Amino acid sequence: MIMKKIFIALCALSATCVAQQTTPYDSLYLKNKTYTLQTDLYKIYTTERATIVMLGNSITFGVNWNELMGRNDIANRGIGSDNVLGYYRRMESVYRLHPTLCCIEGGINDVYADISVDTIFVYYKKIIEELQAHNIIPVIQSTLYVSTKWKRYAEKNSEVTTLNALLSEYAAHHSVEFININAVLSNNALLREDITHDGVHLNAEGYTLWRDILEKIFQKYGV
């Protein structure tokens, strides 16, 4: 009887250990030095409230949103090279600002790290659910394609298409705003060459087009 109890206890412990196993994806964002730098800065910023938070990677980080939109109530929470799991791990920097809207764009760094679309989608959903739990309206912006300048563009853009389909379907079934920014910024599942300087990041014309899309969304939500 004692041996049986020990066996059962060991099985339970083994199952717990398996459940807690981590993957390379779990710590990938921590290898990004920019992540630590920016999240440390968020802790000392004196802004107490922002109506809108722009959450994303280097594409989001690459412009001054307040100056672009002619406002002073937008907080940029983009971090270069960040992935969706990285966003999820730093959501406190969003919550503390008590925004009305949080506009999310990302996933391309995850895709290029060869993370499965299903895994990316899982954490995207977690972010959306957490925002809603904090009474923040999530606005999903489609993951941008890359242009032909970028390595493995055909393979990776195919994965981006799959991810966006999942996000769009999820949004439709959960009454979440989904903006297909690729409809303006891309053609034939390729980022437009005239709005990028390196095949993935936007130039001024690209941000101008993005601004025009967001202005309509902000008006829709009265912010």
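Worth a mention:
- Any hit, the stretch 35-51, residues being open to solvent by less than 60 Å² (accessible area, probe 1.4 Å), within 21 Å of residue 176 (Cα to Cα) and at pLDDT 95 or above: yes
- Within the stretch 66-81, tally of residues that are of a type in the set (Val, Ile, Thr) and in a strand (DSSP E or B): 1
- None of 195, 213, 181 is more than 17 Å from residue 112 (Cβ to Cβ), open to solvent by less than 20 Å² (accessible area, probe 1.4 Å) and free of Cβ contacts under 8 Å to residues at least 60 places away in the same chain except 195.
- Qualifying residue in the stretch 104-113 (condition: open to solvent by 10 Å² or more (accessible area, probe 1.4 Å) and outside any helix (DSSP H, G or I)): yes
- Among the residues of the stretch 146-157, the ones that are part of a helix (DSSP H, G or I), in contact (Cβ under 8 Å) with a residue 12 or more places away in the chain and open to solvent by less than 80 Å² (accessible area, probe 1.4 Å) come to 2 in all.
The values are calculated or read from the model by the stated rules, or taken from the named source; none is laboratory data. For clarity, every value in this text was computed on a predicted model and none was experimentally measured. Every residue, glycine as well, gets a Cβ built from its backbone with ideal geometry; the counts of neighbours run over all protein chains shown. With ligands, DNA and RNA removed, areas are computed over all heavy atoms of the protein, side chains included. Shrake-Rupley method; radii C 1.70, N 1.55, O 1.52, S 1.80 Å.
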